[in-house]
Amino acid sequence: MKTLLSALAGLMLAVSLAWASPGPDEQMEDPALEARALALYAQLRCVVCQSQSIRDSNAPLAEDMRGVVRERLLAGDSDAEALDYLQERYGDYVLMMPPLQGNTIGLFLIPALVFLGGAAGLAAFVWHQSRRSRELEDEDDVARAQALDEEEGLS
Amino acid sequence: MTRLVLFLPLIGFLVMAVYFGLGLREDPSEIPSQLIERELPAFDLPPIEGFETGLASTDLVGQVSLLNVFGSWCPPCAVEHPMLMQIARSGVVPIYGIDWKDPPGAGSAWLERHGNPYQRVGDDAAGRTAIDLGITGAPETFIIDHTGRVRYRHVGVITDEIWTGTLRPLVEHLQAEARP
């Protein structure tokens, strides 16, 4: 049983290594460029398998896109220029992080507005409750004072 | 007033339900093309094995045409192929092909087996032209007007319905536009 499990684990490891992307033949010679390339891969969406970055995807198109990134870096592009190159061809969709602009502003604003609205609602509720309980206390006090007065025959 | 406030969550829920409900009707896998109303990116592709001529972007200037990206490895392309043959036979519009990421010889073997609907085929073995075109998967088809501008892109198989309902009317409209 144990040997079967370890064999399975070994097989899975081998498969995952075989599937790991970017592949070993995609390494850039210059470690500084390789680091930049890896960071860029993570920022670009695989357009076939859209919830993955091209760093995580094994789709042939993602492989080609990684190739394009390396070519751009070797051609002396800055990180922003390399991203622009693909954005020009695939649009904003290719960026994992949507840019802040007119049609995406809701993405950034709505969660903040919902949070602020909830916080304001909660604050208003708490304030209202505490005021009401204070008022009730006051009413209680008046009633009790009257009762005492009556008891002592003052009124 | 306070009664109305109690309905706010329900109203909020209904607004979101309608919004997300509409969102479900859209196809999230379809990425809008960046090429619409823009000039076709320049390319000059070599011929596939056994063919004399390749395909350059300049070949598409001068008449309305379809540019179809396919691959012998692509199952939906096999589904689409009879439709392309039918369009080619009808003579309504010339079809140009880009053989995307096929191993040498695979494209021409495919055309020999299934018939060749294309006026010219370019070999994009490296897939760089496909990236310039913003291709997300095969098959994809562009409608190019007579000035070499991209006017429409269809992602996926051209069905009879899409051809008669969408592509053909647009092609005929652009052909009428091209006539002086």
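Okay, here's what the table says:
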quantity: Equivalent ellipsoid dimensions for segment B:39-180 as semi-axes, Å, which come from the Cα gyration tensor, largest first; calculated: 22, 17, 14
quantity: Cα centroid of segment B:131-180 to Cα centroid of segment A:84-103, whole Å; calculated: 24 Å
quantity: At most 12 other Cβ within 10 Å, DSSP loop - trypsin sites (Lys or Arg not before Pro), segment B:28-128; calculated: B:Arg38
quantity: Chain A: calculated mean residue ellipticity at 222 nm from DSSP helix runs of at least 4, using -39500 (n - 2.57); calculated: -23500 deg cm²/dmol
quantity: Theoretical FRET efficiency, 1/(1+(r/R0)^6), r = Cβ-Cβ of A:Ala124 and A:Leu148, R0 30 Å, to 0.05; calculated: 0.25
quantity: Estimated FRET transfer efficiency when R0 is 45 angstrom, pair A:Asn58-B:Asp44 (beta carbons, to 0.05); calculated: 0.90
quantity: Global form of segment B:54-101, assessed from the alpha-carbon gyration tensor, a/c cut-off 1.5; calculated: oblate
quantity: The protein assembly as shown: Cα Rg divided by the 2.2 N^0.38 Å rule of thumb; calculated: 1.56
quantity: Distance in nm between pseudo-label sites at A:Ser51 and A:Ser78 (7 Å out along the Cβ direction from Cα); calculated: 3.5 nm
quantity: Residues B:Leu22 and A:Leu113, FRET efficiency given R0 of 30 Å [Cβ-Cβ distance, rounded to 0.05]; calculated: 0.90
quantity: Overall Cα dimensions of segment A:38-155 - principal axes, largest extent first, Å; calculated: 100, 26, 21
quantity: Sparse-neighbourhood loop sites, GluC sites (Glu not before Pro) in segment B:1-52 - DSSP loop, at most 13 other Cβ within 10 angstrom; calculated: B:Glu26, B:Glu30, B:Glu37, B:Glu52
quantity: Expected 222 nm ellipticity per residue - DSSP helices of 4 or more, -39500 (n - 2.57), all of chain B, to 500; calculated: -11000 deg cm²/dmol
quantity: Summed side-chain charge close to A:Ser78 - residues other than A:Ser78 whose Cβ falls under 11 Å, Lys, Arg +1, Asp, Glu -1; calculated: -2
quantity: In Hz, Karplus ³J(HN,Hα) per residue of segment A:90-107 (6.51, -1.76, 1.60; θ = phi - 60°; x = Gly, Pro); calculated: 10, x, 4, 4, 6, 8, 5, 9, x, x, 7, 7, x, 7, 10, 4, x, 4
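FYI, it's all coordinate maths here, none of it is from the lab. Just so we're clear, the structure is a prediction, and the values are computed from it rather than from any experiment. Cβ: placed from backbone, ideal geometry, glycine included. Neighbour counts: every protein chain shown.
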